[in-house]
Amino acid sequence: MESNVDLKENILDLQKRVAQLECNKAKQDAKVSILHNALFIASDAYNGHHYYLTQHQPTSYTNAEKVCNAMGGYLAEVDTVTEFRFIQAFLRRKIKSSQVILLGGTDANSEGTFINPNSSTQGYSEWYRNQPDNGGYKEHCRSIMESLGHDIGKYLMNDIPCDIVNDNFYKHGYLCEVPSTVDVRQETCEF
Ligand SMILES: [Ca+2]
Ligand SMILES: [Ca+2]
């Protein structure tokens with residue numbers, strides 16, 4: 001049987017270890033917060049959600065979706081014209097004209113009918129003239145960008161390939177939508 005002295009030492013030892021773990025966690029949280037802020041630009045709140053823009057190339061719709069899911073949200077889905085105006089205003093301040101930002105929604109199941117996977121609805125769409133055009137018969141994902149041609153200066157939708165890659169001119173990023181109640185920096189821990 002352990003003496004009271006041994007027990008007291010054990011308790012003190014455990015308290016010290018807990019303090020160390022708490023200190024380590026605080027340091028890790030600070031690092032995660034710095035990295036997150038370096039990768040994502042947060043919008044103001046809109047209708048109980050925040051939007052997180054990254055100009056980090058997603059490589060594919062599926063990968064971008066996974067990152068948004070890990071943050072506790074999904075690729076941004078436009079449900080109403082008011083939401084679209086909010087997103088347009090946010091991107092107008094944050095992206096350059098050669099940047100293409102992936103949104104949620106594909107027409108992979110039925111050509112020409114874009115469905116937002118989180119809401120399972122078509123939501124609200126505002127396409128560029130002659131879009132969606134399913135260019136090369138392979139454009140099944142929804143994006144938003146500033147037009148360089150007709151409708152110049154607008155930020156409207158265009159369908160693009162889902163396995164998007166940067167080229168000499170266009171640089172890709174994506175937009176996540178996360179409920180404001182979620183702490184996006186804590187969502188990657190699962191127990
Ligand atoms: Ca298509
Ligand atoms: Ca297109």
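Read-outs throughout are calculated quantities, based only on the coordinates presented, and are distinct from any laboratory measurement. Just so it is clear, the structure is predicted and the values come from calculations on it, not from any experiment. With ideal geometry, Cβ positions are generated from the backbone for all residues, glycine too; neighbour counts draw on all protein chains shown.
Please indicate, with yes or no, whether at least one residue in the stretch 121-143 is surrounded by 12 or more Cβ atoms within 10 Å (Cβ to Cβ), in contact with a Phe, Trp or Tyr (Cβ under 9 Å, 6 or more places away or on another chain) and among the hydrophobic types (A, V, I, L, M, F, W, C). Yes. Restrict the check to the stretch 103-112 and report whether at least one residue is within 16 Å of ligand 1 (Cβ to nearest atom), among the hydrophobic types (A, V, I, L, M, F, W, C) and under 17 Å from the mean Cα position of the chain (by Cα). Within the stretch 103-112 (the criterion being within 16 Å of ligand 1 (Cβ to nearest atom), among the hydrophobic types (A, V, I, L, M, F, W, C) and under 17 Å from the mean Cα position of the chain (by Cα)), the answer is yes, since at least one residue qualifies.
Selection over the stretch 132-159 of residues that are more than 10 Å from ligand 1 (Cβ to nearest atom), part of a loop (DSSP other than H, G, I, E, B) and either touching a Leu at 6+ places or on another chain (Cβ under 8 Å) or within 22 Å of Tyr74 (Cα to Cα) (or both) gives a count of 1. Every condition in (1) within 16 Å of ligand 1 (Cβ to nearest atom); (2) crowded, with 18+ Cβ neighbours inside 10 Å is met by His172 except one, and the failing one is (1).
Residue count for the stretch 11-41, restricted to those that are without any contact (Cβ under 8 Å) to a residue 60 or more places away in the chain and within 14 Å of the chain's Cα centre (by Cα): 4.
Kindly provide the set of residues from the stretch 160-169 that are within 16 Å of ligand 1 (Cβ to nearest atom) and within 15 Å of Lys96 (Cα to Cα), ordered by number.
none
Of all residues in the stretch 96-114, those being touching an Asp or Glu at 6+ places or on another chain (Cβ under 7 Å) and away from ligand 2 (no atom under 16 Å from the Cβ) number 2.
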